[in-house]
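The values are calculated or read from the model by the stated rules, or taken from the named source; none is laboratory data. Predicted model, so just to flag it, every value in this text is computed and none were measured. In this analysis, Cβ positions are derived from the backbone assuming ideal geometry, glycine residues included, and neighbour counts consider all displayed protein chains. With ligands, DNA and RNA removed, areas are computed over all heavy atoms of the protein, side chains included. Shrake-Rupley method; radii C 1.70, N 1.55, O 1.52, S 1.80 Å.
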Amino acid sequence: SKKIVIKIGSNTLANQDGTICKSFLQNLSKQVSCLKEEGKQVVIVSSGARIAGVATLAKWMRKEDIHYKQALCAIGQVELMDAYRRVFEEEHIHIGQMLLTRDDFLDPHRTLNIRNTLFTLVDEGVVPIINENDTVSVEEIKIGDNDTLAALTTNLWNADLLILFSDIDGIYNKNPKTYANAELIEEVTDIDELLKTIEIGTVNDFGTGGIATKIEAAKKVNTYGIPMILANGKKENILLRLLDGTEKATVFLVN
Ligand code: ADP
(Lines give C-alpha, C1' and ligand atoms only; values in the text may rest on other atoms or scores of the structure.)
Protein backbone atom coordinates (compact mmCIF):
# COMPACT_ATOMS: atom_id res chain seq x y z
CA SER A 1 0.00 0.00 0.00
CA LYS A 2 1.35 3.36 -0.98
CA LYS A 3 -1.36 5.81 0.12
CA ILE A 4 -2.47 5.23 3.70
CA VAL A 5 -5.14 7.00 5.74
CA ILE A 6 -4.74 6.61 9.51
CA LYS A 7 -7.61 7.47 11.85
CA ILE A 8 -6.81 8.11 15.47
CA GLY A 9 -9.59 7.80 18.02
CA SER A 10 -9.89 9.87 21.16
CA ASN A 11 -9.24 6.86 23.39
CA THR A 12 -5.96 6.25 21.57
CA LEU A 13 -4.81 9.84 21.66
CA ALA A 14 -5.68 10.69 25.25
CA ASN A 15 -4.43 9.53 28.61
CA GLN A 16 -6.94 8.40 31.23
CA ASP A 17 -7.14 11.95 32.62
CA GLY A 18 -8.00 13.42 29.21
CA THR A 19 -4.65 15.00 28.46
CA ILE A 20 -2.99 14.29 25.11
CA CYS A 21 -0.65 11.29 25.28
CA LYS A 22 2.69 12.66 24.13
CA SER A 23 4.50 9.34 23.92
CA PHE A 24 1.78 8.03 21.59
CA LEU A 25 2.20 11.02 19.27
CA GLN A 26 5.99 10.74 19.34
CA ASN A 27 5.84 7.09 18.38
CA LEU A 28 3.32 7.94 15.65
CA SER A 29 5.46 10.66 14.08
CA LYS A 30 8.53 8.36 14.10
CA GLN A 31 6.57 5.66 12.30
CA VAL A 32 5.09 8.09 9.77
CA SER A 33 8.62 9.30 9.11
CA CYS A 34 9.73 5.70 8.43
CA LEU A 35 6.83 5.17 6.03
CA LYS A 36 7.60 8.39 4.18
CA GLU A 37 11.20 7.28 3.77
CA GLU A 38 9.89 4.12 2.12
CA GLY A 39 8.00 6.32 -0.35
CA LYS A 40 4.60 5.93 1.27
CA GLN A 41 2.13 8.78 1.68
CA VAL A 42 0.12 9.35 4.84
CA VAL A 43 -3.02 11.29 5.70
CA ILE A 44 -4.18 11.43 9.32
CA VAL A 45 -7.75 11.84 10.56
CA SER A 46 -7.63 12.75 14.22
CA SER A 47 -10.23 13.08 16.94
CA GLY A 48 -9.43 14.57 20.33
CA ALA A 49 -10.33 18.26 20.04
CA ARG A 50 -13.07 18.04 22.62
CA ILE A 51 -10.99 16.10 25.16
CA ALA A 52 -8.08 18.47 24.67
CA GLY A 53 -10.49 21.36 25.26
CA VAL A 54 -11.87 19.74 28.39
CA ALA A 55 -8.37 19.11 29.71
CA THR A 56 -7.53 22.79 29.17
CA LEU A 57 -10.71 24.22 30.64
CA ALA A 58 -11.94 21.74 33.22
CA LYS A 59 -14.50 24.17 34.66
CA TRP A 60 -16.73 23.76 31.59
CA MET A 61 -16.58 20.02 31.63
CA ARG A 62 -20.09 19.34 32.83
CA LYS A 63 -21.89 21.77 30.56
CA GLU A 64 -23.85 19.89 27.93
CA ASP A 65 -25.05 23.01 26.07
CA ILE A 66 -24.21 22.70 22.36
CA HIS A 67 -22.40 26.03 22.21
CA TYR A 68 -20.17 25.04 25.11
CA LYS A 69 -19.36 21.78 23.35
CA GLN A 70 -18.46 23.67 20.19
CA ALA A 71 -16.47 26.21 22.16
CA LEU A 72 -14.52 23.39 23.81
CA CYS A 73 -13.72 21.97 20.38
CA ALA A 74 -12.52 25.38 19.18
CA ILE A 75 -10.13 25.55 22.13
CA GLY A 76 -9.11 21.91 21.97
CA GLN A 77 -8.43 21.88 18.22
CA VAL A 78 -5.60 24.36 18.76
CA GLU A 79 -4.15 22.23 21.58
CA LEU A 80 -4.45 19.17 19.38
CA MET A 81 -2.67 20.69 16.39
CA ASP A 82 -0.03 22.19 18.67
CA ALA A 83 0.73 18.70 20.01
CA TYR A 84 0.92 17.25 16.48
CA ARG A 85 3.07 20.09 15.20
CA ARG A 86 5.61 19.66 18.01
CA VAL A 87 6.16 15.94 17.49
CA PHE A 88 6.19 16.07 13.70
CA GLU A 89 8.64 18.95 13.77
CA GLU A 90 11.09 16.64 15.56
CA GLU A 91 10.93 14.44 12.45
CA HIS A 92 11.20 17.46 10.14
CA ILE A 93 7.72 16.85 8.79
CA HIS A 94 5.28 19.67 8.11
CA ILE A 95 1.65 19.16 8.96
CA GLY A 96 -1.43 20.89 7.54
CA GLN A 97 -4.85 21.20 9.13
CA MET A 98 -8.06 20.49 7.23
CA LEU A 99 -11.36 20.95 9.06
CA LEU A 100 -14.24 19.46 7.10
CA THR A 101 -18.02 19.21 7.32
CA ARG A 102 -20.65 16.97 5.75
CA ASP A 103 -21.46 19.62 3.15
CA ASP A 104 -17.88 19.41 1.89
CA PHE A 105 -18.61 15.86 0.73
CA LEU A 106 -22.08 16.62 -0.68
CA ASP A 107 -21.32 19.66 -2.85
CA PRO A 108 -19.22 18.58 -5.88
CA HIS A 109 -17.51 21.97 -6.11
CA ARG A 110 -16.39 21.87 -2.47
CA THR A 111 -15.41 18.21 -2.79
CA LEU A 112 -13.17 19.01 -5.74
CA ASN A 113 -11.50 21.83 -3.80
CA ILE A 114 -10.76 19.60 -0.82
CA ARG A 115 -9.45 16.88 -3.08
CA ASN A 116 -7.07 19.29 -4.82
CA THR A 117 -5.84 20.70 -1.51
CA LEU A 118 -5.31 17.20 -0.12
CA PHE A 119 -3.32 16.08 -3.16
CA THR A 120 -1.26 19.29 -3.13
CA LEU A 121 -0.35 18.93 0.55
CA VAL A 122 0.67 15.29 0.14
CA ASP A 123 2.60 15.98 -3.08
CA GLU A 124 4.60 18.59 -1.19
CA GLY A 125 5.47 16.08 1.54
CA VAL A 126 3.10 17.56 4.10
CA VAL A 127 1.04 15.29 6.35
CA PRO A 128 -2.57 16.55 6.34
CA ILE A 129 -4.37 16.23 9.67
CA ILE A 130 -8.11 16.16 9.20
CA ASN A 131 -10.93 16.60 11.70
CA GLU A 132 -14.58 17.52 11.55
CA ASN A 133 -15.15 21.27 11.84
CA ASP A 134 -17.11 21.08 15.06
CA THR A 135 -17.56 24.81 15.42
CA VAL A 136 -19.87 24.92 12.40
CA SER A 137 -21.35 21.43 12.60
CA VAL A 138 -24.42 21.22 14.81
CA GLU A 139 -25.87 17.76 15.46
CA GLU A 140 -28.31 17.69 12.53
CA ILE A 141 -25.73 18.42 9.86
CA LYS A 142 -22.80 16.47 11.28
CA ILE A 143 -20.78 13.67 9.79
CA GLY A 144 -20.83 12.78 13.48
CA ASP A 145 -17.85 10.51 13.95
CA ASN A 146 -14.35 10.32 12.55
CA ASP A 147 -14.64 6.68 11.46
CA THR A 148 -17.06 7.92 8.80
CA LEU A 149 -14.94 11.01 8.06
CA ALA A 150 -11.89 8.75 7.62
CA ALA A 151 -13.78 6.48 5.22
CA LEU A 152 -15.00 9.46 3.17
CA THR A 153 -11.44 10.82 3.07
CA THR A 154 -10.04 7.43 2.03
CA ASN A 155 -12.42 7.27 -0.92
CA LEU A 156 -11.87 10.93 -1.84
CA TRP A 157 -8.09 10.54 -1.89
CA ASN A 158 -8.37 7.12 -3.54
CA ALA A 159 -6.09 5.65 -0.88
CA ASP A 160 -4.80 2.07 -0.89
CA LEU A 161 -5.53 1.37 2.76
CA LEU A 162 -7.48 2.76 5.71
CA ILE A 163 -6.19 2.02 9.22
CA LEU A 164 -8.42 2.81 12.20
CA PHE A 165 -6.64 3.03 15.54
CA SER A 166 -8.65 2.32 18.65
CA ASP A 167 -7.89 0.95 22.12
CA ILE A 168 -8.68 -2.67 21.23
CA ASP A 169 -6.89 -5.13 18.90
CA GLY A 170 -9.83 -5.28 16.49
CA ILE A 171 -13.38 -6.59 16.26
CA TYR A 172 -14.26 -9.30 18.76
CA ASN A 173 -17.27 -11.59 18.87
CA LYS A 174 -18.31 -9.56 21.94
CA ASN A 175 -17.07 -6.49 23.81
CA PRO A 176 -13.54 -7.34 25.05
CA LYS A 177 -13.85 -4.74 27.81
CA THR A 178 -16.78 -6.64 29.31
CA TYR A 179 -15.90 -10.23 28.45
CA ALA A 180 -12.43 -11.61 29.17
CA ASN A 181 -13.08 -14.56 26.84
CA ALA A 182 -14.01 -12.42 23.81
CA GLU A 183 -12.34 -13.71 20.64
CA LEU A 184 -10.58 -11.51 18.08
CA ILE A 185 -11.80 -11.78 14.50
CA GLU A 186 -8.71 -11.44 12.33
CA GLU A 187 -10.18 -11.48 8.87
CA VAL A 188 -13.48 -10.23 7.50
CA THR A 189 -14.53 -10.87 3.93
CA ASP A 190 -18.32 -10.62 4.38
CA ILE A 191 -19.48 -7.73 6.56
CA ASP A 192 -23.17 -8.73 6.62
CA GLU A 193 -22.13 -12.17 7.82
CA LEU A 194 -19.91 -10.59 10.50
CA LEU A 195 -22.81 -8.52 11.82
CA LYS A 196 -24.85 -11.70 12.33
CA THR A 197 -22.15 -13.34 14.41
CA ILE A 198 -20.93 -10.60 16.76
CA GLU A 199 -22.38 -8.75 19.69
CA ILE A 200 -21.80 -5.00 19.68
CA GLY A 201 -21.32 -3.61 23.17
CA THR A 202 -21.40 -0.08 24.48
CA VAL A 203 -18.70 2.54 24.11
CA ASN A 204 -16.78 3.73 27.14
CA ASP A 205 -14.61 6.69 28.13
CA PHE A 206 -14.19 9.25 25.35
CA GLY A 207 -15.42 7.08 22.48
CA THR A 208 -18.10 8.31 20.14
CA GLY A 209 -18.80 6.01 17.25
CA GLY A 210 -18.16 2.62 18.79
CA ILE A 211 -17.72 -0.54 16.78
CA ALA A 212 -20.80 0.01 14.59
CA THR A 213 -19.35 3.08 12.85
CA LYS A 214 -16.04 1.25 12.32
CA ILE A 215 -17.83 -1.57 10.53
CA GLU A 216 -19.76 1.00 8.48
CA ALA A 217 -16.45 2.64 7.55
CA ALA A 218 -15.13 -0.72 6.34
CA LYS A 219 -18.24 -1.12 4.17
CA LYS A 220 -17.74 2.32 2.65
CA VAL A 221 -14.11 1.81 1.65
CA ASN A 222 -14.55 -1.84 0.62
CA THR A 223 -17.18 -0.63 -1.87
CA TYR A 224 -14.38 1.33 -3.54
CA GLY A 225 -12.09 -1.70 -3.47
CA ILE A 226 -10.03 -0.44 -0.54
CA PRO A 227 -9.20 -2.66 2.47
CA MET A 228 -9.42 -1.50 6.08
CA ILE A 229 -7.57 -2.53 9.23
CA LEU A 230 -8.85 -1.95 12.77
CA ALA A 231 -5.97 -2.14 15.25
CA ASN A 232 -4.76 -1.12 18.69
CA GLY A 233 -3.07 2.25 18.28
CA LYS A 234 -1.72 2.17 21.83
CA LYS A 235 0.81 -0.54 20.98
CA GLU A 236 4.34 0.58 20.24
CA ASN A 237 5.31 0.67 16.55
CA ILE A 238 1.89 -0.71 15.64
CA LEU A 239 1.90 0.90 12.17
CA LEU A 240 5.17 -0.68 11.11
CA ARG A 241 4.25 -4.00 12.74
CA LEU A 242 0.88 -4.13 10.99
CA LEU A 243 2.45 -3.48 7.63
CA ASP A 244 5.09 -6.20 8.10
CA GLY A 245 2.47 -8.59 9.43
CA THR A 246 3.82 -9.07 12.96
CA GLU A 247 0.79 -7.69 14.79
CA LYS A 248 -2.73 -9.07 15.18
CA ALA A 249 -5.70 -6.95 14.14
CA THR A 250 -8.94 -7.17 12.17
CA VAL A 251 -8.47 -6.86 8.42
CA PHE A 252 -11.47 -6.16 6.20
CA LEU A 253 -10.46 -7.64 2.87
CA VAL A 254 -12.01 -6.77 -0.45
CA ASN A 255 -13.34 -9.79 -2.28
P1 ADP B 1 -12.46 5.18 19.33
O2 ADP B 1 -12.77 6.33 20.26
O3 ADP B 1 -11.08 4.63 19.50
O4 ADP B 1 -12.80 5.47 17.91
P5 ADP B 1 -14.75 3.77 20.50
O6 ADP B 1 -14.47 3.89 21.97
O7 ADP B 1 -15.80 4.62 19.89
O8 ADP B 1 -13.37 3.92 19.71
O9 ADP B 1 -15.11 2.23 20.18
C10 ADP B 1 -14.27 1.19 20.58
C11 ADP B 1 -14.86 0.46 21.78
O12 ADP B 1 -15.95 -0.38 21.37
C13 ADP B 1 -13.89 -0.52 22.43
O14 ADP B 1 -13.11 0.10 23.40
C15 ADP B 1 -14.82 -1.60 23.02
O16 ADP B 1 -14.96 -1.46 24.42
C17 ADP B 1 -16.17 -1.35 22.38
N18 ADP B 1 -16.77 -2.57 21.79
C19 ADP B 1 -18.05 -2.93 21.91
N20 ADP B 1 -18.32 -4.09 21.28
C21 ADP B 1 -17.15 -4.51 20.71
C22 ADP B 1 -16.79 -5.65 19.91
N23 ADP B 1 -17.65 -6.59 19.54
N24 ADP B 1 -15.48 -5.74 19.50
C25 ADP B 1 -14.59 -4.79 19.84
N26 ADP B 1 -14.89 -3.69 20.60
C27 ADP B 1 -16.16 -3.54 21.04
Taking the convex hull of the alpha-carbon atoms of the chain and averaging its shadow over every direction gives an area in square nanometres of 13.2
Partner aspartates and glutamates whose C-alpha sits under 18 Å from that of residue 235, ignoring same-chain residues fewer than 8 away, are 167, 169, 186, 244, 247
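Return the subset of 2/214; 69/177; 3/177; 3/142 for which the Cα-Cα distance in this structure is over 30 Å, preserving the input order.
Values: 2/214 22 Å; 69/177 27 Å; 3/177 32 Å; 3/142 26 Å.
Violating the 30 Å limit, Cα to Cα: 3/177.
Sorting 90, 132, 37, 247 by accessible area (1.4 Å probe), largest first, what list results? Can you show the working numbers first?
On the way: 90 100, 132 10, 37 155, 247 40 Å².
Result, largest first: 37, 90, 247, 132.
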For residue 143, the accessible surface traced by a 1.4 Å probe with all protein chains present amounts, in square angstrom to the nearest 10, to 20
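Per residue, what volume in Å³ does the Cα convex hull of region 122-165 take up?
99
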For residue 189 the rounded accessible area (nearest 10 Å², probe 1.4 Å, non-protein molecules ignored) is 70
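Please identify the helices of the chain, taking whole runs of DSSP H, that span at least 30 Å along their own axis as judged from the Cα atoms and have a mean Kyte-Doolittle score of -1.0 or higher. Please report the intermediate quantities before stating the final value.
Numbers: long enough: 66-90 (36 Å, -0.10).
Passing helices, by number: 66-90.
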The ratio Rg/Rh over the Cα atoms of region 1-113, Rh being the Kirkwood inverse mean 1/r radius, stands at 1.01
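Please work out the average accessible area per residue across the chain, using the 1.4 Å probe convention, and give it in Å². All intermediate terms of the calculation are to be shown ahead of the outcome.
On the way: 12350 Å² over 255 residues.
Heavy-atom SASA per residue in the chain reads 48 Å².
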Expected field for residue 73, accessible surface area in Å² at 1.4 Å probe radius, rounded to 10, holds 10
The answer for trypsin sites (Lys or Arg not before Pro) in region 18-70 that fall in a DSSP coil and have at most 15 neighbouring Cβ atoms within 10 Å is 62, 63
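Mean separation of Cα pairs under 8 Å and 6+ residues apart, divided by the residue count of the chain: what relative contact order is that in percent?
Computed value for the chain: 23 percent relative contact order.
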